[in-house]
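Working notes, beginning with the structure itself.
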Amino acid sequence: MADGRAPGRCRAGGERLLLDGPARRNRCPCPACGASNRYPARADGAPRHRLFALEYHCPSCRPTHSGRFFKRPDAAVDTVFVCRSTGRVPRAWIVESAGAIARLVRQDLGRLRAGGVKPTPGDVRCILYGHLIRMAVWRLSNEWHSERPIAERLAAVGEAVAALGTVGQIEAMVLSETSPGAQMDLALAEAVGTYRPTDEFVAF
């Protein structure tokens with residue numbers, strides 16, 4: 001293939017290869033009949049393909065970089081945020097300091113190691129950001145105004161996160177307690193526990 005923008009035709013079937021497919025917003029129309037198909041199919045379970053690249057945003061890098069930003073995925077852990085209007089959370093997960101967040105991160109890392117997963121630096125940061133944003137959401141839940149300008153809302157989230165501690169500060173606390181010699185002890189000490197009902201949970 002001489003030109004990456006013009007891939008030519010399929011060597012097997014002879015059909016012209018296209019760079020831009022019809023799939024948009026989890027829907028793909030059939031080119032023959034026009035029927036709209038949704039993807040992925042929930043009945044098929046989790047996707048079986050391998051993640052080989054992540055697209056990311058870097059404002060400070062933009063002046064010296066042309067094109068889109070991609071990197072090799074280096075984390076085995078993803079953080080998914082689910083904001084619920086009501087529910088309950090373990091009381092131990094409601095924290096107010098950088099040291100307490102570092103403790104939660106170390107517990108999560110211990111659980112990963114106990115399950116046979118060796119956390120990467122990307123995993124550590126992903127878990128750390130997860131707890132920071134979770135607590136920022138918790139702090140803002142009673143005073144959030146969706147009608148405010150987006151710049152004000154983003155600033156409010158930034159202030160709530162900064163009040164809990166910087167990423168570098170918490171990361172240093174986590175890594176200082178998870179040196180190679182301490183990893184086995186950590187995995188044993190931070191085994192997954194069972195929470196007692198009622199007073200061990202906070203309702204919201």
Filter pass, Thr166 being modelled with pLDDT under 90 and within 18 Å of Pro90 (Cα to Cα):
no
Pair list, Cβ < 9 Å and 6+ apart or interchain, from the stretch 1-20 residues that are within 17 Å of Pro31 (Cα to Cα) to residues that are at pLDDT 65 or above and not in a loop (DSSP other than H, G, I, E, B)
Glu15/Arg9; Arg16/Arg9; Leu17/Arg9
Take the residues in the stretch 144-179 that are among the hydroxyl-bearing types (Ser, Thr, Tyr), over 22 Å from the mean Cα position of the chain (by Cα) and in a loop (DSSP other than H, G, I, E, B); name whichever of them is nearest to Ala98 (Cα to Cα).
Ser179
Out of everything in the stretch 1-30 that is within 31 Å of the chain's Cα centre (by Cα) and exposed (fewer than 10 other Cβ atoms within 10 Å of the Cβ), what residue ends up being modelled with the lowest pLDDT?
Leu19
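Pick from Asp123, Asp108: which is at pLDDT below 85, buried (at least 18 other Cβ atoms within 10 Å of the Cβ) and under 20 Å from the mean Cα position of the chain (by Cα)? If you could, list the steps in order and put the result at the bottom.
Details: Asp108 fails: at pLDDT below 85.
Answer to the selection: Asp123.
Table: residues versus (1) modelled with pLDDT under 70; (2) among the basic types (Lys, Arg); (3) in contact with a Lys or Arg (Cβ under 9 Å, 6 or more places away or on another chain); (4) more than 20 Å from Leu128 (Cα to Cα).
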residue: Ala32; (1), (2), (3), (4): no, no, no, yes
residue: Ala35; (1), (2), (3), (4): no, no, no, yes
residue: Ala41; (1), (2), (3), (4): no, no, no, yes
residue: Phe52; (1), (2), (3), (4): no, no, yes, yes
residue: His65; (1), (2), (3), (4): no, no, no, yes
residue: Trp93; (1), (2), (3), (4): no, no, yes, no
I'm checking my understanding of the structure. Among residues of the stretch 169-188 that are of a type in the set (Gly, Ala, Ser) and surrounded by 12 or more Cβ atoms within 10 Å (Cβ to Cβ), which one is modelled with the highest pLDDT?
Ala172
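The values are calculated or read from the model by the stated rules, or taken from the named source; none is laboratory data. Keep in mind it's a predicted model, so treat the numbers as computed, not measured. Heads up, the Cβs are rebuilt from the backbone with ideal geometry, glycines too, and the neighbour counts pull from every protein chain shown.
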